[in-house]
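To start, the structure itself, in structure tokens.
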Amino acid sequence: MNEDNFLYRFYKLYADGFRNMTIGKTLWRIILIKLVIIFVVLKLFFFPNFIKKHASAGDEPNYVEQTLQQRVAEN
């Protein structure tokens, strides 16, 4: 790749910056671990699989369609 290319220079800047980080790598790991934990907890406890509970297997698209039609008809 040509060294005058903007994308190449952009990549080299960040690659060198991350390579030379000491405490930053640890902080990024902590951030990523916290994000994974947050999203796993949110998924498990706050976003249950509502459609799976209310629709039979293979009938999920019909359930969603009927529910949307009912809500549109109510408004």
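The values are calculated or read from the model by the stated rules, or taken from the named source; none is laboratory data. Predicted model only: the values in this text are computed from it and were never measured. Cβ coordinates were reconstructed from backbone atoms using ideal geometry, including for glycine residues, and neighbour counts include every protein chain displayed.
Given (1) modelled with pLDDT under 85; (2) loosely packed, with under 11 Cβ neighbours inside 10 Å, identify the lone condition not met by Ile30.
All conditions are met except number (1).
Okay, residues lined up against (1) of a type in the set (Lys, Arg); (2) exposed (fewer than 10 other Cβ atoms within 10 Å of the Cβ):
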position: Tyr8; (1), (2): no, no
position: Lys12; (1), (2): yes, no
position: Met21; (1), (2): no, no
position: Gly24; (1), (2): no, no
position: Lys53; (1), (2): yes, yes
position: Ser56; (1), (2): no, yes
position: Asp59; (1), (2): no, no
position: Asn62; (1), (2): no, no
position: Val72; (1), (2): no, yes
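Out of (1) farther than 30 Å from Leu68 by Cα; (2) within 25 Å of the chain's Cα centre (by Cα), the odd one out for Asn5 is which?
Result: Asn5 passes all but (2).
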